[in-house]
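Bear in mind these aren't lab numbers, they're just calculated from the coordinates by the rules spelled out. Remember, predicted model here, so these are calculated numbers, not experimental data. Positions of Cβ are backbone-derived with ideal geometry, glycine not excepted, and every protein chain shown enters the neighbour counts.
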Amino acid sequence: MLSTMQDEPLSLATLLRYGTTFHSTAEVVTWTGAGSRTINFGELGSQSARLANALRRLGVGESDRVGTFMWNNAEHMTAYGAVPAMGAVLHTLNIRLFPAQLVFVANHAEDKVVIVDGTLVPLFAKYLPELTTVRHVLVANGDPASLEAPAGVEVHSYEEVLAAESDEYDWPVIDERAAAAMCYTSGTTGDPKGVAYSHRSMWLHSMQVCTTNGMNLSGADRTLAIVPMFHAMSWGLPHAALMVGASLVMPDRFLQPEPIAQILAAEKPTFAAAVPTIWQGLLHHLDEHPQDISHLREVVVGGSAAPPSLMHAFEERYGVKVLHAWGMTETSPLGSVARPPAGLESEQAWAYRYTQGRFPASVQARIVDEVEGVQPNDGEAVGEVEVRGPWITASYYSPDGAQIDPSKFDDGWLRTGDVGKITPDGYLTLVDRSKDIIKSGGEWISSVDLENAVMSHKGVAEAAVIGVPDDKWDERPLVVAVIEEGSVTPEQLREFLDEKVAHWQLPERWAIVSEVPKTSVGKFDKKRIRELYGNGELDIVTFD
Ligand code: AMP
């Protein structure tokens, strides 16, 4: 028997219309370095209509890709609103990709128009001559004359083009399964791979972001979206904000600890999201320049494991709750969120909060052992984490239908490449990325556990651990750490670690550096660290 329910498509056009009318007073605040500029959601609706009209006039039709090469700001949010709602596909280009990768993804996605921030024009100018499908570039917050157009490409002023258009647009009815937006994985090995989110997946994911078990976003929130809009759709915050009328605070290009602290002081957000390295940097800044940040009801940390020491520092020193979450570009990205079960005492609750989190109803997960197959969720069996659900990708985008990396999928499940275990009550604990686990004398050492242990020392600002070849044990850990000047020596750190990890796991090799290399989305770049090690570019202290 079929239901009697209406078959209304879950469309981002409906979401945009809803958010910009019923929540028209919510705000998009963009930091300018010395203050902020603000539009409300009503104005966001008008601007989105103008942008959609302009894009249509430039020839953008259904399913055409519109790239963005932008910081988190009101203009980027306008593209988030307009492009999917008009039936085109928003492709958020990662401004920090290696040049060859950036060119690859824009050509692979066949971006027809790109919207570029004025401050990023010098960088974009290097790529534009190689972008074979781009016909129009809109320069926002900058001078279009500063960008030389190759033959066949027209460069426009975003503001002038929008000013000439009507602030009304007849948003179409869109098939909920159609692509709304695209992100490419940051691709540490091989070419980046494209994930195309649907209207339906983004709608459902937005609802999950807003649930109390998710990020609990509501109309009472001012959300500081530090996670870039090109990193897994800023973890779904922009569309979730439209769904509940949460205001957005956008840092634009001001991502260092000091300006983030200024934004916190001036805009008093209630919620914020970023990778651990950002929080680690902010923590050290705040410890030297204390300020009240108790207006933050919660901050979400994901993208890499949140060190427990970081979570405790924010809660105990600043009264701010750190919420640990796990996800991937391929999972939209929200996979699991570490809210403890009700009624637990502090220590038990913390044990749950350290995990990568509990899966929601829409994300099924299992542990698979390479040899023995699917394992029980008993909190002990360790293997690769596989997931499936309505906002998990089923394949990678391929312009010609040829399958890209089918080995990443297993009978309808996405293979995450993460190794971990799941408890009977659905909490995920990651041991490591499969390629980062250190295989020492037939035993495994989790690089993440060692990193967390090293970073729990107050004198350590950052620490990454990689496995390096060892004659006797095959592989041993190498710690690459940034320490506060004069605070601690590698020898003292080893003694400190001896109380925290099994003796046989104690790293013999240590490199003290001024900065741990980071990826384009701010995670520790272990590939680069391996290169530095391989080239003999690290100054290593060795213990017997
Ligand atoms: P990306 O697609 O760039 O967001 O990277 C996704 C990968 O980041 C995952 O497969 C994990 O390896 C890692 N990751 C994301 N969240 C966490 C977390 N909370 N703890 C540990 N690793 C994480």
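Points to keep in mind about this one:
- Each Lys or Arg adds one and each Asp or Glu takes one away; over the other residues whose Cβ falls under 9 Å from the Cβ of residue 47, this sums to -2.
- Checking the Cα-Cα distances for 126/439; 268/500; 458/526; 458/518 against a 30 Å cut-off, the pairs over it are 126/439; 268/500.
- Angle between the chain longest axis and helix 41-57 axis [Cα atoms, degrees, rounded to 10]: 70
- Subset of 321/523; 112/408; 421/472 violating a 25 Å alpha-carbon distance limit: 112/408; 421/472
- Convex hull of the range 6-163 built on C-alpha atoms - directionally averaged projected area, nm²: 10.0
- Rg to Rh, two decimals, where the chain supplies the alpha carbon set and Rh follows Kirkwood: 0.96
- 182, 77 arranged by Cβ crowding within 10 Å, fewest neighbours leading: 182, 77
- Annotation for the range 355-370 versus the range 388-426: alpha-carbon center distance of 12 Å.
- Whole-Å semi-axes of the ellipsoid equivalent to the range 62-123 (Cα gyration tensor, √5λ, descending): 19, 15, 8
- Kirkwood-based Rg to Rh ratio, the range 436-542, C-alpha trace: 0.93
- Straight Cα distances below 12 angstrom link residue 193 to the aspartates and glutamates 330, 405, with same-chain residues fewer than 8 positions distant left out.
- Sites residue 504 and residue 315, calculated FRET efficiency, Cβ-Cβ separation with R0 35 Å, nearest 0.05: 0.60
- Antiparallel DSSP beta bridges within the chain, as percent of all bridges there, nearest 5: 55
- 5 Å binning of all Cα-Cα separations within the range 211-283, expressed as whole percents from 0 upward: 3, 16, 29, 26, 17, 8, 1
- Theoretical ellipticity at 222 nm over the chain - DSSP helices of four or more residues, -39500 (n - 2.57) apiece, nearest 500: -8500 deg cm²/dmol
- For the chain, the longest principal axis of the Cα atoms and the long axis of helix 99-109 meet at an angle of about 50 degrees.
- Neighbour-count order for 336, 487, 201, fewest beta carbons within 10 angstrom listed first: 487, 201, 336
- Reachable aspartates and glutamates, given that their alpha-carbon falls under 12 Å from the alpha-carbon of residue 527 and they are not under 8 places away in the same chain: 436
- Listed from fewest to most Cβ neighbours within 10 Å, the set 116, 501, 322 follows the order 501, 322, 116.
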